[in-house]
């Protein structure tokens, strides 16, 4: 498990020196965002040129170019519109990341705000790390929407905490990969995130909704499903061609007070998909049976997966 | 400043009797409305 850390400190970034030699905007620049009223805001305001210091993430996004980084300091950010990433090879990073810090430090929130995705991206090479993401609670609410209007290659989402507030049938999902039978999210890497979601979710969308996404890797994440509903999925793989996914070393936990074996589904995979994927090393706790751990006909791409310490057999 | 036990965030303004913020109260209402809609749809079938 990765340790909590301060990205700016680790990288030796000194805000007062970031713009040395600068002038015209160029690639690989760093833009700073802090919440007004915080100590970080005052510190950065005194040291960073106003062209590179902002009070909102979207303010920085409007200024940032390809290959740049937006470094966000702790606070709750309720943007008035989606954070729409249009810059290639762009990094959206919380200044402090890590499993615990992502839970409480730097939040991108639309819950109770605008009914739009927290973040969208339709360009290549996007990296996002260290945030708590709290999407708008509705059936169309989502945390990160990738590849909705263009093919999107190589997104890297890591060390985030996705929190879908438990509100019955208005539950949002965390990550949406592509759209059905259309644009492709190729080689998305979802690593070391924590997902907490509760709700009924009867419209068949997963916490990670895997629509059109080739070669996606979902590795070492924790999925906490607080629900006992049959159509609540942690990872919902749409019946799409070119699946070739890898889902390995994740932990899935189903919970509902007073219910021993939950009927929600961890990995849901429609029948016509399969045969070219690796699903291995995952652990499932609290589900009512093997079919609730890995549903549908993916026998030919199963590895060694465990349900409450027993190996899941194909059926 | 209050703390909402549903969405685990600080908020300004009044909490309901369960300690939830207005964002959560509104979202729960939407969830219940969606449940009614789905139940009505399944009864029609």
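Every read-out reported here was derived from the displayed coordinates using simple, explicitly stated rules and does not represent laboratory data. For clarity, every value in this text was computed on a predicted model and none was experimentally measured. Cβ coordinates were reconstructed from backbone atoms using ideal geometry, including for glycine residues, and neighbour counts include every protein chain displayed.
Assign one of three labels to the range A:35-142, namely rounded, prolate or oblate, based on the Cα gyration tensor with a ≥ b ≥ c the square roots of its eigenvalues; rounded applies when a/c is under 1.5, prolate when it is not and a/b is larger than b/c, and oblate otherwise.
Taking the square roots of the gyration eigenvalues as a ≥ b ≥ c, the range A:35-142 is oblate.
Taking the Cα of residue B:26, stepping 7 Å toward and past its beta carbon, and measuring to each backbone N in the range A:70-90: which are under 12 Å?
none
Using only Cα atoms, locate the centre of the range B:21-45 and the centre of the range A:32-51, then give the distance between them in Å, rounded to an integer.
Comparing the Cα centres of the range B:21-45 and the range A:32-51, I get a distance of 42 Å.
Round to the nearest 0.05 the FRET efficiency obtained for residue A:278 and residue B:18 when R0 = 51 Å and r is the Cβ-Cβ distance.
0.70
What's the exposure ranking of B:21, A:185, going from fewest to most Cβ atoms within 10 Å? List each step's numbers first, then the result.
Working: B:21 24, A:185 27.
By the 10 Å Cβ count, ascending: B:21, A:185.
Quick check: convex hull over the Cα atoms of the range A:29-71, volume per residue in Å³, rounded to an integer? Write down the numbers at each step before the final one.
On the way: hull volume 2.4 nm³, N = 43.
That works out to 55 Å³ per residue.
To one decimal place, what orientation-averaged projected area in nm² is obtained for the convex hull of the Cα set of the range A:82-145?
Average projection, Cα convex hull of the range A:82-145: 4.4 nm².
Can you give the mean number of other chain Cβ atoms that lie within 10 Å of the Cβ atoms in peptide B:5-14?
4
Kindly provide the pair-distance distribution of the range B:2-44 built from C-alpha pairs, with 5 Å bins from 0 and whole-percent values in order of increasing distance.
Cα pair-distance distribution for the range B:2-44, in percent: 5, 24, 23, 14, 11, 9, 8, 5, 1.
Once you have the Cα-Cα distance between residue A:285 and residue A:45, take 0.36 nm times their residue separation minus that, and quote the gain in nm to one decimal.
Values: separation 240, 0.36 × 240 = 86.40 nm, distance 4.76 nm.
In short, 81.6 nm is gained.
Quick one: which of B:33-40, A:80-87, A:250-257 comes out on top by average Cβ neighbours within 10 Å, and what's the full order, highest first?
By packing density, highest mean first, the sequence is A:250-257, A:80-87, B:33-40.
For each of A:149, A:67, A:137, A:277, count neighbouring Cβ atoms within 10 Å of the residue's Cβ, then give the residues from fewest to most. Don't jump to the answer; show the numbers that get you there.
Numbers: A:149 11, A:67 15, A:137 28, A:277 21.
So the ranking, lowest neighbour count to highest, is A:149, A:67, A:277, A:137.
Give me the tail of P(r) for the protein assembly as shown as a percent: Cα-Cα pairs with distance above 40 Å.
13 percent
Averaged over its residues, how many other protein chain Cβ atoms are within 10 Å of peptide A:64-75's Cβ atoms?
The mean count of partner-chain Cβ atoms within 10 Å per residue comes to 0.
Taking the Cβ of each residue in A:70, A:123, A:311 as the centre, tally the other Cβ atoms inside 10 Å and list the residues starting with the fewest.
Details: A:70 26, A:123 21, A:311 10.
Ascending Cβ contact count within 10 Å gives the list A:311, A:123, A:70.
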